[in-house]
1. Expressed as cubic angstrom per residue, what is the convex hull volume of the alpha carbon set of the stretch 67-205?
2. Could you list the residues of the stretch 328-357 with an amide nitrogen less than 15 Å from a label point located 7 Å from the Cα of Ala430 in the Cα-to-C-beta direction?
3. Once you put a point 7 Å from the Cα of Glu177 and another 7 Å from the Cα of Met512, both along the Cβ direction, what distance in nm separates them?
4. Based only on other Cβ atoms within 10 Å, what is the fewest-to-most ordering of Met388, Met512?
5. Using the alpha-carbon centroid of each, what span in Å lies between the stretch 156-212 and the stretch 340-365?
6. Count charges around Pro98 for me, please; just the other residues with Cβ under 9 Å from its Cβ, Lys/Arg as +1, Asp/Glu as -1.
7. Quick one: order Trp77, Trp313 by neighbouring beta-carbon count within 10 Å, fewest to most.
8. Between Lys106 and Glu397, take the C-beta separation as r, use R0 = 41 Å, and let me know the FRET efficiency to the nearest 0.05.
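Each reported figure results from applying straightforward, stated rules to the coordinates on display, with no laboratory input. Everything quoted here is computed from the prediction, not taken from an experiment. In this analysis, Cβ positions are derived from the backbone assuming ideal geometry, glycine residues included, and neighbour counts consider all displayed protein chains.
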Amino acid sequence: MKVGYKAVAGTALLAMALTACGGGGADKPKAGSSEAAKEAQQQAAGLAGSATNPVPYDQVAEGGVVKLALSGWQTQWNYNQVNGTHATTDDVIEPLMPLVAIANDKAEVTNNPDYVTEWKMELTGGKQVVTYKIHEKATWSDGKPITYKDFQAQWKALSGENKKYQVSSTDGYDRVESVEKGATDKDVVVTFAKNYPDWPGMFSPLYPASTNETPEAFNKGWIDKIPVTAGPFKVESIDQTSKAATLVRDDKWWGQKAKLDKVIFRGMDATAVLNAFANGELDAVEVPVNAADLKRAKEVPNADIRKAAAPNWRHITVNGSSDFLKDKSVRQAIQLGINRETIAASDLKDMDWPVQTLNNHLYMNTHKGYVDNSGELGKYNPEKAKQMLEAAGWKQEGEYRKKDGKEFSLRFIVPASLPTAKQEGELTQAMLKEVGVKVVIEPVPDDKLFDDFIIPGNFDLAPFSWLGTPFPNGALPQIYRTPESAENFGSNFPRIGTPELDKLIDQAAGEMDPAKAIELGNAADKMIWDEVHTIPLYQRPDIYATKKTLANYGSFGYSDKNWTTVGYTK
């Protein structure tokens, strides 16, 4: 399935100093106050579900090129592989690969008729059985038909049974008992050993059986290349030197013809993206979380600002395998020593966005399941933090604390071109210094952040964003289940988990009643807060600046893109 969350370092920003406590003028409620929270909630409720300049297909012009930026450059194009589950991978493969399911901006999910003309879920003999009818014309670019064998191979690769497959998530696949041929090769029968309510999100994206047949093909077969496609576009070129992927319309596509001739994705230095949009080198960009950049984007001639609520959130990941942070009480002290309201108010100042901390790891402020589960750990309490550090043996000696002669010093890893992350680090640095903890801010190359630092656990604290899907409970096993080993941890970058939480995650992942599933999700979230696995900051703004004439593209919220309709107005 499209995993519950995909990682992204952040949005590109131009350098600008922001005040540490920016929350507005005297007429604004104080950040963190009940009045401010109420106002932010009202603002959040008014956010659009999507903002894409929707235009009917027949009113979109034929032809044209759309030029877009990637926040980083990927070398791994297998989205299901642990190094490939990033927004940049997703951006490029969406026009190329099968998405069995599609979601609208209300997070309602249906079968994608271009790939699966019909699907059905039944409980038969106490077991959940899902059947898929694959489109009769659905074919891979190498000429092989898309069949049950592709579904079967993907299940086996992502089931978690063979640990040599370096998967980012086994969600759903680990609950499947069998994937078999139905009446024809185009009929798929998936039988579950344990119920899985989020089954509509599975097999999206779907990769060919050849990708999943061996660990070698899965882990390395899509490095620096996209060998097979099955979408409205195909690959013209992938240039590693210029960091550009050029896609062109695929005339063999059996579905609705794409309006655009070409889509060009360019990996760009974060500081150059907004300039490129202003200069006409790009046709749409995600607007940085920076008031000056938002203002600048609005001033670009013929630009349209599109914003919507999305399942995306900013946070600080806490490395529980770090020598300094293995002790839960120490992690709790760090949490209490960080004023999340100050960081949120600083990041979101003048962004035309609700300034509201996020107090849930699964459900966004705008989601019906949202409950504040943060308790006392969600409140800034430096005095309590000092007491807990003392109790853990970290004694104040001069500016910072020491234990067994070792200074308490945390590495705060940030992508070098993202001033907001550096700013978050500086705020954290100042706050934790007050409780006797040293924070060293370490800028690293943007395209090395995950592969060289976060994934191998080479950090103590790291701010980045999770970009979500319509399946929030899918984040539970993906991110919060206890890692099986140092090599198999899915997307649990903190490497933190407990048997009690795992049991609740298993219940939540299999609960077929939506209301009960949310109840279980919130129960799990309380445990996640207690473990200080991740420190949520805020629901991340989803704001795009586009050419006014660009149709069916922008801030998608929960919805999937339909690349056949993207183009320009006539």
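1. Considering the Cα atoms of the stretch 67-205, their hull volume per residue is 132 Å³.
2. What the label zone holds, given the 15 Å backbone N cut-off, is 338-349.
3. 1.3 nm
4. Arranged by neighbour count, lowest to highest, Met388, Met512 become Met512, Met388.
5. 36 Å
6. -2
7. Fewest-to-most Cβ neighbours within 10 Å comes out as Trp313, Trp77.
8. Once the sixth-power term is evaluated, E becomes 0.15.
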